[in-house]
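See below for the structure under consideration.
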Amino acid sequence: MPGRSLEPKALSSPRPGRGAEVTVARGKRAGCGRVTAPSHALYVKTKTSPARRGGHRVTIIGAGIAGARLAYQLRAAGARCEVTVIGEETHAPYNRVLLADVLAGRYAPEVVALPQAPGMRCGVRAVRIDRDARLVVCDDGSLLPYDTLVLATGSNPVLPPLRGLFAAGESELPEGVHAFRTMDDCLALASAARPGVRAVVVGGGLLGVSAARALAARGAQVVLAQQGEYVMERHLDATAAALVRSHLEALGVEVHLECRVRGLTAAQGAHVVELADGYRLDTDIVVLACGVRPRVGLAQAAGLQVARGIVVDDRLCTSDPHIRAIGDCAEHDGIVYGLAGAAIDQADLLARLLTGGPESGPQRGYAGTRALTRLTLPGPSAQSPLDIAAFGQPVPLAGDDVLRLSDATRGIYRKVVLRDDRLIGGILLGDLATIGTLARTWEDDEAIAPDSSPLHLLTHDGGSSS
């Protein structure tokens, strides 16, 4: 049974005629605060074309890294565009990658805020796209016309199919059960995570590991329940994951592997997490960190082509030539990246496409992103953090060459995978001094010279190769 995803449903709305000029009564607004809904919206039919005299209208749905970056780049290019960005959250745009550091108390929310995007409207949700009239209908009753619409709707947390997670007829998570995706999720967790509070994190991927270490930093008693054989399975191999597990345990996190959560029950203001083997974990807080899913509901309701994500071509066009998609919601060449690096690459390229600037690469379009995953886990002391980097395909196939270098006494592990004399993936833990060389070699995708030993990719300051 697939997990659930927190995604608002698209709503129906009156439909204006084709080519209509729209006069909209909007509610009053002060910055990124609460919106006062308008009393009415008036459609006025005219014979004018959709384009307005003020310039090309670019409406961006989504104020995450992808949407905000695109707005900044359009402004920097000096384009004659009228840019509007709408974001559901009442917070100004922020760097979602740093939410775990906010939860840990390392950063205040304002520290991870991004610069205000041009044309930003916070606390507004798009509920329907009228492709014929080129209008976005919003939940405050306002209507946003566009010449180019950009979907940067991001992704939603996946909610596992746990027995008892939702009460009958309810769709909201019960008190004490949290997703970990938005600033509001983060602030709610920070408020609940007092020293000594019991917390169970369901999911041992990158998000779950980040949440567990952040909760431990706040003094919570943390249990991490991972269904797979080891933590961070998408990024690490078993050896690297064992080092990460040891580091988490040194932080006070209790790690359970091959541990499937079956159900959840409330008990006297707390919760009981039921495992498939019958074991029960009493807890005050449950954090669901089971991955994310592209947010495609708005696109589906508009009749756009959707697979795992919103399908786009090399020019980031959807099946409607007036609508583009970038970031976590977009699927290009069968791949949903879900990475900040890909979101930035796509936003930068789209800005050049929309402004007529030079496009990147000889293919004149998006050719994919090679992005590194990096994470730093604080240690029991300020002098003992664990730095992690992974890229490409770190798990070899038959016939691939694998080089490893390890120094157990210093907590260093390096591994690279070569295929046909090309670097296709790698993992570094502890000392990331060689990451620059590795990243350049991987991104260049060129064969290693015959007179050059592949071992130089790993060597920096000693260790024992295996």
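Answer yes or no as to whether residue 224 is under 13 Å from residue 245 (Cβ atoms) and at pLDDT 95 or above.
Values: under 13 Å from residue 245 (Cβ atoms): yes; at pLDDT 95 or above: yes.
Criteria met by residue 224.
Here's a check for you: in the range 367-395, which residue that is in contact with a His (Cβ under 6 Å, 6 or more places away or on another chain) and modelled with pLDDT under 95 is surrounded by the fewest Cβ atoms within 10 Å (Cβ to Cβ)? Among residues in the range 367-395 that are in contact with a His (Cβ under 6 Å, 6 or more places away or on another chain) and modelled with pLDDT under 95, the one surrounded by the fewest Cβ atoms within 10 Å (Cβ to Cβ) is 373.
Every residue, every condition in (1) out of contact with any Gly (no Cβ under 8 Å at 6 or more places or on another chain); (2) in contact (Cβ under 8 Å) with a residue 24 or more places away in the chain; (3) surrounded by fewer than 23 Cβ atoms within 10 Å (Cβ to Cβ); (4) not hydroxyl-bearing (Ser, Thr, Tyr), yes or no:
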residue	(1), (2), (3), (4)
248	yes, yes, yes, yes
259	yes, yes, yes, yes
264	no, yes, no, yes
267	yes, no, yes, yes
272	yes, no, yes, yes
276	yes, no, yes, yes
279	yes, no, yes, no
287	no, yes, no, yes
295	no, yes, no, yes
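Quick check, is residue 374 within 20 Å of residue 98 (Cβ to Cβ) and basic (Lys, Arg)? Here the answer is yes, as residue 374 does meet what is asked.
The values are calculated or read from the model by the stated rules, or taken from the named source; none is laboratory data. What you are looking at is a predicted structure, and each value in this text was computed from that prediction instead of being measured. For neighbour counting, all protein chains shown are included, and Cβ atoms are generated from backbone atoms with ideal geometry for every residue, glycine included.
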